[in-house]
Amino acid sequence: MKNRVKTILSLLDYHYGTDIPCFLDHENAWQLLVATILSAQCTDARVNIVTSDLFARYKSIHELADADLYELEDIIHTTGFFRNKAKNIIACCQMIRDEYNGQVPEKVEDLTALPGVGRKTANVIRGNIYHDPSVVVDTHVKRISKRLGFTEASDPVKIELDLMKILPKENWIRYNTQIITLGRAICKAPVPKCEICFLSKECQYFKKVRNR
């Protein structure tokens, strides 16, 4: 397993590089936090369109904490689940303003205590803002990590722990963005393009399909 993991990570670095920027547009921690909350069940491309207007309207976490709920719902409507997202975003910003002096916290336990923030969102902030090694498990990481044989779990937290055991810390942050890129172009759901995938020789899913 160790050698196979090393080979896969080397191939990901070769094809996608080691410095892939975050796919969500942001200028600071609170903007990335809001964008990540909005990204649940929504594409990054759509979120970036919405946050362009959102961040032009609300220029600070304090302004967003005082936002009118219905106005915010209208702005983020196209991201889906907009009522719940709007409520959580306002409550989250209020908590950061009141309990953290307007600064997005760094510790995972503080981040996950914020309304609407789970481990995925917390790890996005920790990795991209505070450069604290973290594994982000989104739908692409969940699907492809299972196909590669890195985990057998379906629960995101268990997948995160499995990946932390086998991936070197220096790969934790970029593994997510590399796998997202792979998932969008090649290792799609439900039908991956195994015939053009540079990881096919190391992929357990491909071996199972080929041997059927």
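The values are calculated or read from the model by the stated rules, or taken from the named source; none is laboratory data. In this text the structure is predicted, and so the values were computed from the model without any measurement. Quick reminder, even Gly has a Cβ in these numbers, built from the backbone with ideal geometry, and neighbours come from all protein chains shown.
Just a few scattered comments:
- The one condition from (1) among the small types (G, A, S); (2) more than 23 Å from G127 (Cα to Cα); (3) without any contact (Cβ under 8 Å) to a residue 12 or more places away in the chain that A45 does not meet is (2).
- Residues in segment 96-140 that are under 27 Å from A189 (Cβ atoms) and among the hydrophobic types (A, V, I, L, M, F, W, C) were compared, and the one that is farthest from the chain's Cα centre (by Cα) is V117.
- Looking only at residues of segment 59-107 that are in contact with a Gly (Cβ under 9 Å, 6 or more places away or on another chain) and of a type in the set (D, E, K, R), we find that the one that is surrounded by the fewest Cβ atoms within 10 Å (Cβ to Cβ) is K87.
- Some residue of segment 126-136 being within 23 Å of C42 (Cα to Cα), buried (at least 17 other Cβ atoms within 10 Å of the Cβ) and of a type in the set (K, R): yes
Conditions tested, residue by residue: (1) surrounded by 15 or more Cβ atoms within 10 Å (Cβ to Cβ); (2) farther than 30 Å from E99 by Cα; (3) not assigned by TED's automatic domain parsing to the domain that holds Q103.
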{"position": "K120", "(1), (2), (3)": "yes, no, no"}
{"position": "K142", "(1), (2), (3)": "yes, yes, yes"}
{"position": "S145", "(1), (2), (3)": "yes, yes, yes"}
{"position": "G149", "(1), (2), (3)": "yes, yes, yes"}
{"position": "I159", "(1), (2), (3)": "yes, yes, yes"}
{"position": "R174", "(1), (2), (3)": "yes, yes, yes"}
{"position": "I179", "(1), (2), (3)": "yes, yes, yes"}
{"position": "R184", "(1), (2), (3)": "no, yes, yes"}
{"position": "S200", "(1), (2), (3)": "yes, yes, yes"}
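- Any hit, segment 77-95, residues being β-branched (V, I, T), free of Cβ contacts under 8 Å to residues at least 24 places away in the same chain and either in a helix (DSSP H, G or I) or within 29 Å of L161 (Cα to Cα) (or both): no
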